[in-house]
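Working notes, beginning with the structure itself.
Throughout, read-outs are computed from the coordinates displayed, never taken from laboratory work. Here the structure is a predicted model, which means the values were calculated and not measured. Cβ sites come from the backbone with ideal geometry, for glycine too, and all protein chains shown count toward neighbours.
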Amino acid sequence: MKSDTRPIEEIIQGTYLEYKLGGINLFLTPQEHALLGSSYGGHYTPYIPLAVQLGNCSVEMCEVIRKRKVVFGANLIYYGKRGEVLGHALLPGLDLNPNSPTYGQTLEDPELLNPDFYPAHDTNVRDIPFARLKSP
C-alpha cells in the first residue's frame, strides 16, 4: 500500500472538517446530491461542493476529503439502469487551478462504477441531473 505523503496537519484538518460537517455531506456538489435523490442545492452552483460554496473549507481541502471518499451512492435510474438500491458513482476531481474560470468545479459528471454490473432499465435513457452533456 502506498504511504500518504501529505503533511499531517492537512490530514488532521481534513478529518476534523469531515467530522464537523458530517450529516449532510457538504463535500458533495448539488449535482451529486441530486443523484442521491436529495433536493439539496436549488440555488447553488451545481458543480461546486457545498462546503466550498458555504465557506466551510477551501477547494483544496475539499479535494483532499473527496479523494478519501472516492465513491458515493447514486440512483441507478439516472444512468439508465434498473435497480432498487443505490449504485456506486465515482467522485470526480475538482479544478484546482485558481486562474481557471471553472476553479472549484468538478472536472466531469459523476460516472457509475462498474456500469455493466447493473441491468439496463427498459428505457435505457441516461438522464443525469445538471448533466454537462446529454447522451443521444
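Observations
- For the range 67-111, GluC sites (Glu not before Pro) meeting the loop criterion (DSSP other than H, G, I, E, B) and having at most 16 other Cβ atoms within 10 Å: Glu84, Glu108.
- Spin-label pair Arg68/Ala131, simplified geometry with 7 Å Cα→Cβ offset, distance in nm: 3.3
- Compared with the rule-of-thumb size 2.2 N^0.38 Å for a compact globular protein, the range 85-132 has a Cα radius of gyration ratio of 1.46.
- Amide H contacts of Arg126 (H built 1.01 Å from N, under 5 Å, at least 5 apart or other chain): none
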